[in-house]
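*Asks:* Pasting a structure below so you can have a look.
The values are calculated or read from the model by the stated rules, or taken from the named source; none is laboratory data. These numbers come from a predicted model, not from an experiment. Please note: Cβ atoms are built from the backbone with ideal geometry, for glycine as well, and neighbour counts cover all protein chains shown. The area values use the complete protein model at the heavy-atom level, side chains included, leaving out ligands, DNA and RNA. Shrake-Rupley method; radii C 1.70, N 1.55, O 1.52, S 1.80 Å.
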Amino acid sequence: MSVKAAYHTLGCKVNQYDTQAMRELMERAGYQSVSFQEEADVYVLNTCTVTGTGDRKSLQLSRRIRRDHPNALLVLCGCLAQKKGEALLREAEADLIIGTQMRGRIVELVDQVRQNGSPLCAVSPFPPAMPFESLQITEVSGHTRATVKIQEGCNNRCTYCIIPSVRGPIRSRPLEDLCREVQRLREQGFCEIVLTGIHLASYGRDFEGRKPDLLDAICAVHGVDGIERIRLGSLEPVVATEAFCARLGELPKVCPQFHLALQSGSDSVLARMKRRYNTAQYLEAVDRIRAVFPSAALTTDILTGFPGETEEEFQETRRLIERVGFSRIHVFPYSPREDTPAAAMPGQLSPAEKERRARELISLGNRVSRKYLEGWLNRESILLPEERIQGCWEGYTPEYIRVSLPPEISCRSGSPLRIRLTGLTSRGMSAEPC
């Protein structure tokens, strides 16, 4: 009888990629994948520690697994596992802790724990220099879009961020390896690739000799036959130089949707965060992108309630959000991360105040998002159909607008279709073929 394994991911797209890679390694070794809601012999939980919420969810879920499945083997990996290490053997009653370095050895480590019955912590400090861990995927849940990790780690030291300590130094995926994986995914039927990493702008900086950069990686994927679209993960505004934007404009497969990290619309808060830009530089990056992609969808992250954030600094963020006109924003109330400089800063705001500001920004984000969508009414775009939901084909435009077609329209998953956007819906927009 095959051994059943279930998987669950908390956190970012990088974590989602890592989970899928571990799942495929386990499947190739003979483990049978089942739903996380089913009874399994092994539960793999990929954890998150970016915020206090990530910590809580990771611990709550791991404890629930142990309570509901006392005889199963519990594997914790990812950022919280790297941060807490051996302590999770006690706190979560886990059997195996992997962290963010040895995911490629998951089969070996799981087999070892199953055979000897002793809990194991496979977490160690990051060495000064280390290679990119060459995980691979060939399948993704979905039929058109696949996320591919091309970079790991971060060398920046933003005062609020724990990621450098749990993801380690920057490492980049060799271009040849990247192209092989994209080709494999194309052969499996995927036609849209999302390039992701912990700090995409750092791609290539760790290579010796001639150093390919993020543009080289994008161009390499662009050259793979059959790939229709390329999306980029989170970028810092410093990468959006005039030359970078102009080159992207020459690559027709690149989608005009950019996640440009902001965090705060106040220069004084950005300085305390030790971000590498100010609001003037951010707005210049926005202008450079829109000069090449006039209808670009710009999304961002906002961290509100940072230590010492005054009401005026908060209002500066509100004004900048309205000025840019984002298509979507993700809002996070600040939560102190252990051993980060911001955790010891004076002027820590109360949880209630941070939540109030977060609610206001979420409401504002909904309004600017609706305004962006309204700007697309009666305009044409290209839909990449993905799946039928309640009888209607749905998919995304290059600007990442979720679109639903009328039920009588027939099309094929992954086959581009020119559409006219006709109305707003609770999930995005409605459209009809041109």
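*Asks:* Filter the stretch 364-391 for residues that are at pLDDT 95 or above, more than 23 Å from Arg186 (Cα to Cα) and assigned to a strand (DSSP E or B); which is least open to solvent (accessible area, probe 1.4 Å)?
*Replies:* Going through the qualifying residues, I end up with Ser381.
*Asks:* Taking the options Phe207, Phe190, name whichever one is assigned to a loop (DSSP other than H, G, I, E, B), in contact with a Ser or Thr (Cβ under 9 Å, 6 or more places away or on another chain) and closer than 15 Å to Tyr17 by Cβ.
*Replies:* Phe190
*Asks:* Do you know which residues across the stretch 300-326 are acidic (Asp, Glu), free of Cβ contacts under 8 Å to residues at least 60 places away in the same chain and either farther than 25 Å from Pro341 by Cα or surrounded by fewer than 21 Cβ atoms within 10 Å (Cβ to Cβ) (or both)?
*Replies:* Of everything in the stretch 300-326, those that are acidic (Asp, Glu), free of Cβ contacts under 8 Å to residues at least 60 places away in the same chain and either farther than 25 Å from Pro341 by Cα or surrounded by fewer than 21 Cβ atoms within 10 Å (Cβ to Cβ) (or both) turn out to be Glu311, Glu312, Glu313, Glu316, Glu322.
*Asks:* A follow-up question, please. Check off (1) in contact with a Pro (Cβ under 7 Å, 6 or more places away or on another chain); (2) part of a strand (DSSP E or B) for Thr147 and give me the number that stays unchecked.
*Replies:* (1)
*Asks:* Can I ask one more? Taking Thr397 and the conditions (1) open to solvent by 20 Å² or more (accessible area, probe 1.4 Å); (2) modelled with pLDDT of 95 or more; (3) hydroxyl-bearing (Ser, Thr, Tyr), which numbered condition does it fall short on, given that it satisfies the others?
*Replies:* With (1) open to solvent by 20 Å² or more (accessible area, probe 1.4 Å); (2) modelled with pLDDT of 95 or more; (3) hydroxyl-bearing (Ser, Thr, Tyr) applied to Thr397, the lone miss is (1).
*Asks:* Any idea which of (1) surrounded by fewer than 16 Cβ atoms within 10 Å (Cβ to Cβ); (2) not charged (D, E, K, R); (3) not in a loop (DSSP other than H, G, I, E, B) is the one Pro346 doesn't satisfy?
*Replies:* The failed condition is (3).
*Asks:* Need at least 3 residues that are within 25 Å of Ser124 (Cβ to Cβ) and either modelled with pLDDT of 95 or more or touching a Phe, Trp or Tyr at 6+ places or on another chain (Cβ under 7 Å) (or both) per element, so show me which strands (runs of 3 or more DSSP E) inside the stretch 1-93 make the cut, counting only ones lying wholly within it.
*Replies:* Once the strands (runs of 3 or more DSSP E) in the stretch 1-93 are filtered for at least 3 residues that are within 25 Å of Ser124 (Cβ to Cβ) and either modelled with pLDDT of 95 or more or touching a Phe, Trp or Tyr at 6+ places or on another chain (Cβ under 7 Å) (or both), what remains is 4-9, 42-47, 73-78.
*Asks:* Quick check on my filter: what residues within the stretch 225-261 are surrounded by fewer than 17 Cβ atoms within 10 Å (Cβ to Cβ), β-branched (Val, Ile, Thr) and in a loop (DSSP other than H, G, I, E, B)?
*Replies:* Across the stretch 225-261, the qualifying residue is only Thr241.
*Asks:* Shifting gears a bit: What's the number of the only condition in (1) at pLDDT 95 or above; (2) closer than 23 Å to Ile198 by Cα that Val110 fails to meet?
*Replies:* It fails just one condition, (2).
*Asks:* Continuing with this model, one more query. Output the residues belonging to the stretch 15-48 that are out of contact with any Ser or Thr (no Cβ under 7 Å at 6 or more places or on another chain), under 30 Å from Ser335 (Cβ atoms) and not hydrophobic (A, V, I, L, M, F, W, C).
*Replies:* Once the filter is applied, which keeps residues that are out of contact with any Ser or Thr (no Cβ under 7 Å at 6 or more places or on another chain), under 30 Å from Ser335 (Cβ atoms) and not hydrophobic (A, V, I, L, M, F, W, C), the stretch 15-48 yields Asp18, Gln20, Gln37, Tyr43.
*Asks:* Would you mind stating whether Thr147 is more than 30 Å from Pro294 (Cα to Cα), buried (at least 18 other Cβ atoms within 10 Å of the Cβ) and touching a residue at least 60 places away in the same chain (Cβ under 8 Å)?
*Replies:* No: the conditions fail for Thr147.
*Asks:* Now, a different point. Gln101 passes all but one of (1) open to solvent by less than 10 Å² (accessible area, probe 1.4 Å); (2) part of a loop (DSSP other than H, G, I, E, B); which number fails?
*Replies:* (1)
*Asks:* Can you tell which of Val50, Val14, Val3, Val44 is farther than 27 Å from Gln151 by Cβ and either among the aliphatic types (A, V, I, L, M) or over 18 Å from the mean Cα position of the chain (by Cα) (or both)?
*Replies:* Selected residue: Val3, the only one of Val50, Val14, Val3, Val44 that is farther than 27 Å from Gln151 by Cβ and either among the aliphatic types (A, V, I, L, M) or over 18 Å from the mean Cα position of the chain (by Cα) (or both).
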